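K.L.:
Please see the structure below; I have some questions.
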Amino acid sequence: MYNKITPGSIWLDTDGNKIQAHGASIICVGDTYYLYGENKEKTYADSGYWHNGMNCYSSKDLMNWKYEGVILKPHEAPSSPLHHSKMCDRPHILYNKETKKFVMWIKVMGDEPIDGENSDFEAHNRQFMCIATSDSMTGKFEFLKKVYPADMYSGDFDLYANPTDGKAYILFERPHTEMIIADLTSDYTDVTGYYTAHFPHPGAPFTREAPCLFRKDGKFYLITSGSTGYFPNPSEIATADLIHGPWDVLGNPCVDDHYNDSFNCQFSSVFKVPGKELYMALGDRWMAGTTLEVAAAGKTNTALATYVWLPIKINDDMPVIEWKDEWSPADYPDEVQVDPMQEMIKQMRGAASSFMKRKEDENKKEYVGE
């Protein structure tokens with residue numbers, strides 16, 4: 001039984017088996033935490049496996065995890081976007097209070113070739129989303145459809161639902177160009193068509209990917225990664241008063257990160273622990289079991305990947321992530337209850353401030369060249 005989280009170490013479930021939930025997120029239902037992510041147990045170099053389904057685990061303390069099973073099985077048909085050979089990863093789940101459904105979105109890299117494509121690269125670049133739903137968190141998710149959000153190719157992503165009104169959003173990398181933030185439909189199974197674009201870059205490795213969104217004290221924060229495949233790189237964090245921006249880049253949240261590689265990991269999500277003054281950055285050390293020889297051949301052994309989970313501390317509106325050899329969620333204080341009226345006033349002020357900033361920026365652009 002664990003009483004500490006030890007980032008980078010091999011983590012076993014309550015049955016003594018290696019936890020397989022990569023590209024992970026956590027959702028809390030009642031007093032139970034559910035960890036879910038990619039099953040990478042067979043993804044050795046040259047295995048032909050990218051994933052072996054999406055696994056789920058449950059816990060009461062965020063340290064000891066019981067295996068609940070495969071909640072989304074890989075499809076047997078090689079042509080299916082959920083076949084084990086397809087680059088299917090980074091599941092995110094929201095619970096829809098209206099439909100009473102758990103809704104899973106999954107990123108898939110590469111579609112079936114179509115007429116007129118001249119290379120495998122073109123097919124690979126046609127990235128999209130698959131959507132599945134379930135009546136329970138540990139039930140079997142059923143494939144619903146595949147989606148090109150707002151008729152765009154879509155890479156790494158995150159989902160967010162406003163806890164007050166249930167309105168939900170998807171944030172996704174438009175491959176090698178920019179970050180898109182789009183409104184979801186009321187059932188969370190598609191986008192409405194409204195979206196905004198942010199963080200434009202000329203291409204990899206500068207394009208921001210692996211978005212991890214969280215909100216604290218009325219402000220949104222977004223942690224992203226550069227685009228270097230499974231090789232880790234420096235993280236970046238930005239903030240905004242409104243989810244559609246404008247966004248201001250604050251810098252690298254990782255403190256004393258000596259190799260400037262996000263503590264040798266890539267973050268996949270941020271989890272706010274209910275009732276605690278604690279935000280957890282969940283990351284994967286993808287290259288943990290990959291030798292130099294395998295890496296030199298352009299391959300990876302992600303079956304041997306480990307996890308890097310670290311607390312986030314916010315200093316003067318700047319979230320920072322510090323390395324800890326071990327730590328426990330139990331060591332963090334209970335959350336101070338916020339007066340709903342004060343919180344509403346704070347959010348209204350934030351919205352007004354964001355509106356004024358946008359107008360100031362628009363006025364500055366009007367004067368350019370006069």
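The values are calculated or read from the model by the stated rules, or taken from the named source; none is laboratory data. The structure presented is a predicted model; accordingly, all values stated were derived computationally and were not measured. Note that each Cβ is placed from the backbone with ideal geometry, even for glycine, and that neighbours are counted across all protein chains shown.
K.L.:
Out of all the residues in region 64-95, which are under 19 Å from T138 (Cβ atoms) and part of a strand (DSSP E or B)?
P.N.:
Of everything in region 64-95, those that are under 19 Å from T138 (Cβ atoms) and part of a strand (DSSP E or B) turn out to be K66, Y67, E68, G69, V70, I71, L72, P91, H92, I93, L94, Y95.
K.L.:
Only one of these is at pLDDT 95 or above and either exposed (fewer than 15 other Cβ atoms within 10 Å of the Cβ) or over 17 Å from the mean Cα position of the chain (by Cα) (or both): T306, T302, T291. Name it.
P.N.:
T302
K.L.:
Follow-up. Taking the conditions exactly as written (over 22 Å from Q347 (Cα atoms) and of a type in the set (G, A, S)), does G229 satisfy them or not?
P.N.:
The answer is yes for G229.
K.L.:
Exactly one of these conditions fails for A297: (1) buried (at least 20 other Cβ atoms within 10 Å of the Cβ); (2) more than 24 Å from P329 (Cα to Cα). Give me its number.
P.N.:
The number of the failed condition is (1).
K.L.:
Let me ask something additional. Kindly provide the set of residues from region 220-238 that are surrounded by 18 or more Cβ atoms within 10 Å (Cβ to Cβ) and not acidic (D, E), ordered by number.
P.N.:
Within region 220-238, F220, Y221, L222, I223, T224, S225, G226, S227, P232, S235, I237, A238 qualify.
K.L.:
Has region 260-275 got any residue that is part of a strand (DSSP E or B), surrounded by fewer than 17 Cβ atoms within 10 Å (Cβ to Cβ) and in the same structural domain as M63 (by TED's automatic domain parsing)?
P.N.:
Looking for residues that are part of a strand (DSSP E or B), surrounded by fewer than 17 Cβ atoms within 10 Å (Cβ to Cβ) and in the same structural domain as M63 (by TED's automatic domain parsing), one finds none in region 260-275, hence no.
K.L.:
Is it the case that region 314-322 has a residue that's assigned by TED's automatic domain parsing to the domain that holds D217, without any contact (Cβ under 8 Å) to a residue 40 or more places away in the chain and assigned to a helix (DSSP H, G or I)?
P.N.:
Within region 314-322, not a single residue is assigned by TED's automatic domain parsing to the domain that holds D217, without any contact (Cβ under 8 Å) to a residue 40 or more places away in the chain and assigned to a helix (DSSP H, G or I).
K.L.:
Looking at the structure I just gave you, is D190 crowded, with 22+ Cβ neighbours inside 10 Å and in the same structural domain as Y57 (by TED's automatic domain parsing)?
P.N.:
So D190 fails the test.
K.L.:
So which strands (runs of 3 or more DSSP E) are wholly in region 213-257 and hold at least 2 residues that are over 17 Å from H201 (Cα atoms), in the same structural domain as E173 (by TED's automatic domain parsing) and not polar (S, T, N, Q)?
P.N.:
219-225
K.L.:
Quick one: is I345 outside any loop (DSSP other than H, G, I, E, B) and free of Cβ contacts under 8 Å to residues at least 24 places away in the same chain?
P.N.:
Here the answer is yes, as I345 does meet what is asked.
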